[in-house]
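**Q** Below you'll find the structure I mean.
Only the coordinates and a few stated rules stand behind these numbers; no lab work does. Because the structure is predicted, anything quoted here is derived from the model rather than measured. Methodologically, a virtual Cβ is constructed for each residue, glycine included, from the backbone with ideal geometry; neighbour enumeration extends over all protein chains shown.
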Amino acid sequence: MQDALSKVAGVFEVVSVSMDTNTAVVKVPKGKVASEALVKAVESVKGRNFSAAVIEEVTLSVTGMT
């Protein structure tokens, strides 16, 4: 699955894939990668019957940290 996600155009990094929590964390630029492309990548992994859905999107801009 990690390979499939990393091949999606625009993906910066596949941070983690967890079988324990059935989740994948992927870094992408805001507005540059459609969530549908990520779902399709997971569901197209050959030899597996994965299904996927976007469960959370969070963007934080933090300033003033020292």
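**Q** Considering only DSSP states other than H, G, I, E and B, which GluC sites (Glu not before Pro) in the chain qualify as loop sites with at most 14 other Cβ atoms within 10 Å? Let's see the in-between values first.
**A** Working: sites: E13, E36, E43, E56, E57; in loops: E56, E57.
Sparse-neighbourhood loop GluC sites (Glu not before Pro): E56, E57.
**Q** With runs of 4+ DSSP H residues as the only contributors, calculate the mean residue ellipticity of the chain at 222 nm using -39,500 (n - 2.57) per run, divided by the residue total and rounded to the nearest 500. Kindly include the intermediate steps, with their values, before the conclusion.
**A** Values: 2 runs with 14 residues, N = 66.
My calculation for the chain gives -5500 deg cm²/dmol from helical runs alone.
**Q** Lysines near K32 by alpha-carbon distance under 22 Å, same-chain residues fewer than 8 away left out - which ones?
**A** Those lysines meeting the cut-off are K7, K40.
**Q** Report the rotationally averaged projected area of the chain based on its alpha-carbon convex hull, in square nanometres.
**A** 5.5 nm²
**Q** Same structure again: Given the Cα-Cα distance of S16 and V58 and 0.36 nm per residue of separation, how much length would full extension add, in nm? Can you show the working numbers first?
**A** Values: separation 42, 0.36 × 42 = 15.12 nm, distance 1.59 nm.
Once the chain is fully extended between S16 and V58, it gains 13.5 nm.
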